[in-house]
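K.L.:
Attaching a single structure in structure tokens format; questions to follow.
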Amino acid sequence: MKHGTPPSQAEIMDNLKVICQCKSIKKAAFKKLIAEGADTPEKLRKATGAGTGQCGGKRCGPRLRDMLDPGYNK
Ligand code: FES
């Protein structure tokens, strides 16, 4: 039986790091969508439901923008 390559440390961290705490959505889910062509926070929100939690996206919104455009919040 053939096994895939083990996940890298970065992939493991992406599966642990929660970007949208209200909806418990991990960084890996957003990275996958970005790799598939999602290029705006709205697309990421629509695909995952991020931003519809109790905080209304106040916590995850800046993180999503930073994932799309590193340094956006600086
Ligand atoms: S952290 Fe995403 S909606 Fe609150």
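Read the figures in this text as sums done on the coordinates, not as results from a lab. Quick caveat: nothing in here was measured; it's all calculated off a predicted structure. Using ideal geometry, Cβ is built from the backbone for each residue, glycine included, and neighbour counts are taken over all protein chains shown.
K.L.:
Count, please, the residues in the stretch 32-67 that happen to be under 12 Å from Ile19 (Cα atoms) and among the hydroxyl-bearing types (Ser, Thr, Tyr).
P.N.:
Residues meeting the conditions: 1.
K.L.:
Give the residues of the stretch 1-30 that are outside any loop (DSSP other than H, G, I, E, B) and either farther than 20 Å from Thr52 by Cβ or among the aromatic types (Phe, Trp, Tyr) (or both), sorted by residue number.
P.N.:
Answer for the stretch 1-30, where residues must be outside any loop (DSSP other than H, G, I, E, B) and either farther than 20 Å from Thr52 by Cβ or among the aromatic types (Phe, Trp, Tyr) (or both): Gln9, Ala10, Glu11, Ile12, Met13, Asp14, Asn15, Leu16, Phe30.
K.L.:
Can you find a residue in the stretch 4-19 that is within 11 Å of the ligand (Cβ to nearest atom) and surrounded by 13 or more Cβ atoms within 10 Å (Cβ to Cβ)?
P.N.:
Yes, there is a match, as at least one residue in the stretch 4-19 is within 11 Å of the ligand (Cβ to nearest atom) and surrounded by 13 or more Cβ atoms within 10 Å (Cβ to Cβ).
K.L.:
Here's a follow-up. Are any residues in the stretch 47-61 charged (D, E, K, R) and surrounded by 15 or more Cβ atoms within 10 Å (Cβ to Cβ), and if so, which ones?
P.N.:
Passing the criteria: only Arg59.
K.L.:
Considering only the stretch 35-46, how many residues are in a helix (DSSP H, G or I), surrounded by 15 or more Cβ atoms within 10 Å (Cβ to Cβ) and away from the ligand (no atom under 12 Å from the Cβ)?
P.N.:
1
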